[in-house]
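As structure tokens, the structure follows; a few thoughts come after it.
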Amino acid sequence: MKGGGILGEPSFEQRHAFLDAVQGPVQEVCPQYGIDPDKAIRVAATQSNWGRHVLGHNYWMMGGKGDAGWVTLMLIDKIDPSAPGGARTMRAKLAKYSSVQAAARAWCKAQR
């Protein structure tokens, strides 16, 4: 798949939308914690697939509870023909944040 799909390479527009959303808040917050903003952006790009998998401003896929609560996801853990529906699932609790700044702050604090 080329440009734009969730499994293929992100399009030019998707990369720029990601940078527009993350770059300013990260450059504002991360230096306060002695964290290189470029590192935070690289991690967020990898973890969120260039912003294509983001819930509650959590570009870093941090677990637990954020300042706006959490989101519970059902994930396929393993294809298992003996399990109901043919797959074994697991739950994941991802932190939800009120803003990208709040998420960046939590990520930076976790790096210390």
*Of the options TRP50, SER82, ALA103, report the single residue whose Cα projects farthest towards the positive end of the charge dipole of the chain (beta-carbon charges: Lys, Arg +1; Asp, Glu -1).*
SER82
*Using modelled backbone amide H atoms (1.01 Å from N, in-plane), which distant-in-sequence or interchain residues come within less than 5 Å of SER11's amide H?*
GLY4
*With Cβ to Cβ distances under 10 Å as the rule, what net charge do the other residues near LYS65 carry (K, R +1; D, E -1)?*
+1
*So, with +1 on the Cβ of K and R and -1 on the Cβ of D and E, and no other charges, what is the size of the charge dipole of the stretch 20-112 about its Cα centre, to the nearest 20 debye?*
300
*Working from Cα positions, state the angle (0 to 90°, nearest 10) between the long axis of helix 100-111 and the longest principal axis of the chain.*
90
*Straight-line reach from LYS96: which aspartates and glutamates have Cα under 19 Å away, leaving out those fewer than 8 places along the same chain?*
ASP67
*With a sphere of radius 13 Å drawn around the Cβ of LEU75, what net charge do the other residues whose Cβ falls strictly inside it have (Lys, Arg +1; Asp, Glu -1)?*
+3
*Output the direction-averaged projected area (hull surface divided by four) of the convex hull of the alpha-carbon atoms of the chain, in nm².*
8.1
*Against the longest principal axis of the chain, how steep is helix 37-48, in degrees 0 to 90 to the nearest 10, with axes from Cα atoms?*
20
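Throughout, read-outs are computed from the coordinates displayed, never taken from laboratory work. From a predicted model like this one, the values you see are computed outputs, not experimental measurements. Note that each Cβ is placed from the backbone with ideal geometry, even for glycine, and that neighbours are counted across all protein chains shown.
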